[in-house]
Amino acid sequence: MTDLSSWTKAADGQLSRTAADALVVLARARVSAADERPLLSTMLADGEHRIPVLDLWRNALADRMTRGPAWKALFRWVTIADHYPELAGVVGRLAADLGEDPEIRRALRFHLNWWGTRGISRQTMLTLLAHLDGRDSR
C-alpha cells in the first residue's frame, strides 16, 4: 500500500493515474464474500495503512479521469456505512481527512448533501457532515 501511494507523488503523471485507477478498483474490494464492508476501510481503521490509503483517495478524487468513479466508490462506502454503524466512524474520519483539501471539502459537502436525498439516511448524512465540520467526537 505504501509503494502504491508513493506513485501519487511521482513526477510521471502515468504513475499517478495508475495509482488513482488502482484506488477505484481496490475501493470496491470487500472484506469477504459474506461481509460487504470495504477491505480498504479496515486498513483505515487499523491505522497502519491510514496515510497511504488517504493519499490514494485524495489522488483519485483530484484526478480528472478517475474522480467520477472515485466518487461512486465513496458513495458505495457511505451507503454501506448506513448499515454498519462502526463503519460510519471510519468513513467520517475519512471525510474529515479528505476535507483538509478545500476543493475536495467543497465537493464532499455537496455529495454528502446530495446522497442524503438519494440513498443514505439523514442521520448518516448528518454524522458524516459533523465529521467533515470537526463536530464529531474524535
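The values are calculated or read from the model by the stated rules, or taken from the named source; none is laboratory data. Note that the structure is a prediction, hence the values are computed from the model and not measured. As a convention, Cβ positions derive from the backbone with ideal geometry for all residues, glycine included, and neighbour counts pool all protein chains shown. Just so you know, the surface numbers come from the protein's heavy atoms only, side chains and all, with ligands and any DNA or RNA stripped out. Shrake-Rupley method; radii C 1.70, N 1.55, O 1.52, S 1.80 Å.
Return the sequence-ordered ³J(HN,Hα) values of the range 94-99 in whole Hz as given by the Karplus equation 6.51 cos²θ - 1.76 cosθ + 1.60 applied to θ = phi - 60°, using x for Gly and Pro.
Coupling constants for the range 94-99: 4, 4, 4, 5, 5, x Hz.
Find, among the GluC sites (Glu not before Pro) in the range 1-96, those assigned to loop by DSSP (not H, G, I, E, B) with at most 13 other beta-carbon atoms within 10 angstrom.
Numbers: sites: GLU36, GLU48, GLU86; in loops: GLU48.
Within the range 1-96, the qualifying GluC sites (Glu not before Pro) (loop, at most 13 other Cβ atoms within 10 Å) are GLU48.
Treating only the Cβ of Lys, Arg, Asp and Glu as charged (+1, +1, -1, -1), what charge dipole size does the range 1-120 show about its Cα centre? Round to the nearest 20 debye.
480 debye
Name the residues whose placed amide hydrogens come within less than 5 Å of the amide hydrogen of ARG30, ignoring near sequence neighbours (fewer than 5 apart) on the same chain.
LEU39
Using a 1.4 angstrom probe, figure out how much accessible area the chain has per residue, in square angstrom, rounded to the nearest whole.
52 Å²
So if R0 is 25 Å, what FRET efficiency would MET65 and ALA29 give, r being the distance between their Cβ atoms, rounded to the nearest 0.05?
0.75
Could you tell me the extents of the range 1-65's C-alpha atoms along the three principal axes, largest first, rounded to whole Å?
39, 23, 16
Could you tell me what percent of the accessible area of the chain is made up of carbon and sulfur, with a 1.4 Å probe and every protein chain present?
On the way: 3900 of 7190 Å².
That fraction is 54 percent.
Under Stokes-Einstein, with the Kirkwood radius over Cα pairs standing in for Rh, what whole-number D in µm²/s applies to the range 52-138 at 10 °C and 1.306 mPa s?
Details: Rh = 12.7 Å.
Answer, rounded: 125 µm²/s.
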